[in-house]
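Engineer: Provided herewith is a single structure, encoded as structure tokens, for subsequent inquiry.
The values are calculated or read from the model by the stated rules, or taken from the named source; none is laboratory data. Quick caveat, the model's predicted, so the values are computed rather than measured. Heads up, the Cβs are rebuilt from the backbone with ideal geometry, glycines too, and the neighbour counts pull from every protein chain shown. To get the accessible areas, we keep the full protein, side chains included, count just its heavy atoms, and leave off ligands, DNA and RNA. Shrake-Rupley method; radii C 1.70, N 1.55, O 1.52, S 1.80 Å.
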Amino acid sequence: MPFSAQPPASGEPYVLTASLDNARHLSSILRAVHFQDHATCFATANGLRVTVEDAKCIQANAFIQAEIFQEYAVQEESVTFRINLSVLLDCLTIFGTSSLPGTSTALRMCYRGYGYPLMLFLEEGGVVTVCKINTQEPDQLLDFDFCSTKVVNKIILQSEGLREAFAELDMTSEVLQITMSPDKPYFRLSTFGNAGSAHLDYPRDSDLMETFHCNQTQTNRYKISLLKPSTKALALSCKVSIRTDAQGFLSLQYMIRNEDGQICFVEYYCCPDEDITEAEM
């Protein structure tokens with residue numbers, strides 16, 4: 001790594017320092033939650049969490065564990081700041097989005113604390129670029145309170161199964177209806193578009209189904225416009241965990257393996273669109 005870990009020569013010491021041999025490991029995960037310009041960053045000893053929200057109806061979280069970084073240090077219990085995610089991604093890919101074989105962009109990221117910019121030092125082929133990105137007061141974020149004890153239904157699918165579903169379903173529909181049940185149809189995706197209703201069923205013994213834990217039959221609708229951003233994470237992922245709670249809130253957790261085989265997670269939370277009556281099911 002070309003960047004030394006020494007503290008700054010003057011001013012406040014850094015409260016957050018992180019280094020990566022390959023900046024793409026960070027930029028690809030951040031791109032999976034990039035559906036709004038701004039994001040809130042939380043750094044703890046366990047790693048970095050980047051949260052993006054829209055309309056108080058959907059929240060995306062990218063988790064980059066401390067082990068992913070070659071160097072990672074947080075000097076406080078937690079460090080939080082808001083940042084322009086579009087600008088951050090532009091800086092991370094300043095040398096281009098695809099490197100020549102055998103080359104990569106090295107990254108060192110430093111933050112001194114409240115009121116200071118986030119500093120990025122990027123190096124590729126002996127050329128170093130320094131970026132300073134202004135940080136802002138973090139927003140109050142939604143608390144979906146989605147803990148494992150409140151989960152009613154949970155399945156884990158190989159991502160290719162869900163990718164095929166999104167390719168086949170009628171995206172002129174305003175909503176995606178998800179049915180999860182201990183009995184048939186087990187797991188059903190439905191749309192109601194210009195061409196009429198369409199249903200896609202997954203049997204519980206499907207080769208694509210890795211885990212199936214359904215305690216009760218639930219049918220909920222979610223706005224497709226809110227779910228569309230999650231397809232960025234779906235495209236990168238190898239597995240997806242789909243969970244619902246008693247209120248119908250949806251959690252989509254994507255397991256993403258980077259070029260070095262390391263695992264990161266992206267999670268989307270989405271509010272249900274409306275209650276479904278027996279007559280509609």
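Engineer: So how do 82-93, 16-27 stack up, highest first, on mean other-Cβ count within 10 Å?
Structural biologist: Highest-to-lowest ranking by the protection proxy: 16-27, 82-93.
Engineer: Only Cα pairs within less than 10 Å get springs; with that Gaussian network setup on the chain, which residue of GLY248, GLY47, GLY261 has the largest fluctuation?
Structural biologist: Of GLY248, GLY47, GLY261, the most mobile in the Gaussian network model is GLY261.
Engineer: Output the pairs from LYS184/LYS232; LYS132/LYS228; LYS56/LYS223; LYS56/LYS184; LYS184/LYS228; LYS150/LYS232 with a Cα-Cα distance over 23 Å in this structure; if there are none, say none.
Structural biologist: From the list (LYS184/LYS232; LYS132/LYS228; LYS56/LYS223; LYS56/LYS184; LYS184/LYS228; LYS150/LYS232), the Cα-Cα distance tops 23 Å for LYS184/LYS232; LYS132/LYS228; LYS56/LYS184; LYS184/LYS228; LYS150/LYS232.
Engineer: Excluding ILE263 itself, calculate the net charge of residues whose Cβ lies under 14 Å from the Cβ of ILE263, where each Lys or Arg counts +1 and each Asp or Glu counts -1.
Structural biologist: Once positives and negatives cancel, what remains is -2.
Engineer: Just the accessible area for HIS38, please: 1.4 Å probe, Å², rounded to the nearest 10?
Structural biologist: Number for this one is 60 Å².
Engineer: Express the relative contact order of the range 158-234 as a whole percentage, based on alpha carbon pairs under 8 Å and six or more residues apart in sequence.
Structural biologist: Relative contact order comes out at 34 percent.
Engineer: Something else now. Taking Cα pairs under 8 Å and at least six residues apart, what relative contact order does the chain come out at, in percent?
Structural biologist: For the chain, the relative contact order is 19 percent.
Engineer: Picking from TYR268, TYR111, TYR254, which is most flexible by a Gaussian network model of the chain using Cα springs under 10 Å?
Structural biologist: Evaluated over the chain, the most mobile residue of the options is TYR111.
Engineer: Moving to a separate point now. Let me have the 222 nm mean residue ellipticity of the chain computed from DSSP H runs of 4+ only, each contributing -39500 (n - 2.57), with the sum over all residues rounded to the nearest 500.
Structural biologist: -3500 deg cm²/dmol
Engineer: Please list 218-228, 179-189 highest first by mean number of surrounding beta-carbon atoms within 10 Å per residue.
Structural biologist: The most tightly packed comes first, giving 218-228, 179-189.
Engineer: Do you know the relative contact order of the range 207-257, to the nearest whole percent, from alpha carbon pairs under 8 angstrom that are 6+ apart?
Structural biologist: It comes to 29 percent, rounded to a whole number.
Engineer: Next question. Report the extension gain between LYS228 and ASP37 in nm, rounded to one decimal, defined as 0.36 nm multiplied by the number of residues separating them, less their alpha carbon distance.
Structural biologist: Result: 67.1 nm gained on full extension.
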